[in-house]
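Enquirer: Shown below is the structure under consideration.
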Amino acid sequence: MKKMTKIIAAVMALVLLVSITACGKSGLTLEDIKADGKLIVATNSEFPPFEYKDGDAVVGFDMDLCAYIAKEIGVTMEVLDIAFEDVIANIQSGSAHIGAAGMTVKPDRLQNVDFSDTYFKASQVIILKEDAAFTATSELKNMNIGVQDGTTGADYVRENIKEPMGFASGALAIEAMKAGQIDCVIIDNYPAIEFVKKNPGLKVYETPLTVEEYAIAIPKNSPELVEVINKVIKDLTANGEFDKLLEKYELK
Ligand code: ARG
């Protein structure tokens, strides 16, 4: 190879290397979101009171929280309402900017997204038919257990009890229980209360099976975004708005 060709080849290799490295490192900036003109929030509206449908609109605690985040960034907010198990992949692919879905911080999820500061403590509980004789969690191993696909409830059952029966939503799992296809549903505590309110003849066995904390999911390597979301959580906590939101959705 001629000397010039060698130099050109070396420079090209370097450029390629630098761009690959940059690709791996750069997440989402506030400029990116402003350029899109809106904050796209991935959620799954099957999780009252954190996210649920009111007519065509997706509303709930998480949506109110994200409206504050959008305002802080200076854009409007748009909801991408998808299956819960697809939320993280849509953040990774760039179809959504963040995820707000009552999402529990978990080590395996941290490999694919980052999380904001946590904003809510939760646990898994058991929903049963009111007339079910149930006195101890040790009885779960003899029962057919329904869960929402892709959730920490599903993980808990799989890792500690047995293979659960997965449903696209908690509501569908409840329907299956009412129809006698499963014996109980394991799901987050506040959604459990909401499901029981809406479905007479059910009860919550309140002994918590897990201890979990919710946070906003953020693309990896997006420090500005982490900072602005944590700032909103801190500000709302300091000025009392966070408590008002908790009261609005009967979360305290
Ligand atoms: N906290 C549980 C988890 O992170 C369940 C969340 C379900 N959220 C929803 N919007 N459906 O796995």
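The values are calculated or read from the model by the stated rules, or taken from the named source; none is laboratory data. None of these values were measured; they are calculated from a predicted model. Cβ placement follows ideal geometry from the backbone for every residue including glycine, while neighbour counts extend to all protein chains displayed. For accessibility, only protein heavy atoms count, side chains too; no ligands or nucleic acids. Shrake-Rupley method; radii C 1.70, N 1.55, O 1.52, S 1.80 Å.
Enquirer: Applying the selection to region 59-76, what residues are without any contact (Cβ under 8 Å) to a residue 40 or more places away in the chain and either within 16 Å of the ligand (Cβ to nearest atom) or crowded, with 24+ Cβ neighbours inside 10 Å (or both)?
Expert: Once the filter is applied, which keeps residues that are without any contact (Cβ under 8 Å) to a residue 40 or more places away in the chain and either within 16 Å of the ligand (Cβ to nearest atom) or crowded, with 24+ Cβ neighbours inside 10 Å (or both), region 59-76 yields Val59, Met63.
Enquirer: How many residues are in a strand (DSSP E or B), within 13 Å of the ligand (Cβ to nearest atom) and more than 11 Å from Thr151 (Cα to Cα) if we restrict to region 85-107? Write out each step before concluding.
Expert: If we filter region 85-107 for residues that are in a strand (DSSP E or B), which is where we start, we get 98-99, 104.
If we keep only those that are within 13 Å of the ligand (Cβ to nearest atom) too, we end up with 99, 104.
When the remaining residues are screened for being more than 11 Å from Thr151 (Cα to Cα), the result is 99.
Total meeting the criteria: 1.
Enquirer: Any residue at all in region 88-102 that is at negative phi, surrounded by fewer than 16 Cβ atoms within 10 Å (Cβ to Cβ) and among the β-branched types (Val, Ile, Thr)?
Expert: no
Enquirer: For region 213-230, name all the residues that are more than 14 Å from Tyr68 (Cβ to Cβ), in contact with a helix residue (DSSP H, G or I) (Cβ under 6 Å, 6 or more places away or on another chain) and open to solvent by less than 30 Å² (accessible area, probe 1.4 Å).
Expert: The answer is Ala217, Ile218, Pro219.
Enquirer: Additional query: If I filter region 35-47 down to residues being more than 9 Å from the ligand (Cβ to nearest atom) and open to solvent by less than 10 Å² (accessible area, probe 1.4 Å), which single residue comes out as nearest to Ala168 (Cα to Cα)?
Expert: Top of the filtered list is Ala42.
Enquirer: Give the number of residues within region 181-208 that are without any contact (Cβ under 8 Å) to a residue 60 or more places away in the chain, open to solvent by less than 30 Å² (accessible area, probe 1.4 Å) and closer than 16 Å to Leu140 by Cβ.
Expert: Within region 181-208, residues that are without any contact (Cβ under 8 Å) to a residue 60 or more places away in the chain, open to solvent by less than 30 Å² (accessible area, probe 1.4 Å) and closer than 16 Å to Leu140 by Cβ number 3.
Enquirer: Are any residues in region 120-136 more than 22 Å from Arg109 (Cα to Cα), hydrophobic (A, V, I, L, M, F, W, C) and open to solvent by 10 Å² or more (accessible area, probe 1.4 Å), and if so, which ones?
Expert: Result: Ala132, Ala133, Phe134, Ala136.
Enquirer: Give region 231-241 a look and list any residue that's within 20 Å of the chain's Cα centre (by Cα) and open to solvent by 20 Å² or more (accessible area, probe 1.4 Å), or say none.
Expert: Of everything in region 231-241, those that are within 20 Å of the chain's Cα centre (by Cα) and open to solvent by 20 Å² or more (accessible area, probe 1.4 Å) turn out to be Lys231, Lys234.
Enquirer: Return the only residue of Ala100, Ala89 being of a type outside the set (Val, Ile, Thr) and touching a residue at least 40 places away in the same chain (Cβ under 8 Å).
Expert: Selected residue: Ala100, the only one of Ala100, Ala89 that is of a type outside the set (Val, Ile, Thr) and touching a residue at least 40 places away in the same chain (Cβ under 8 Å).
Enquirer: When region 137-172 is examined, which residues are found to be open to solvent by 70 Å² or more (accessible area, probe 1.4 Å) and within 18 Å of Glu212 (Cα to Cα)?
Expert: Arg158, Glu159, Asn160
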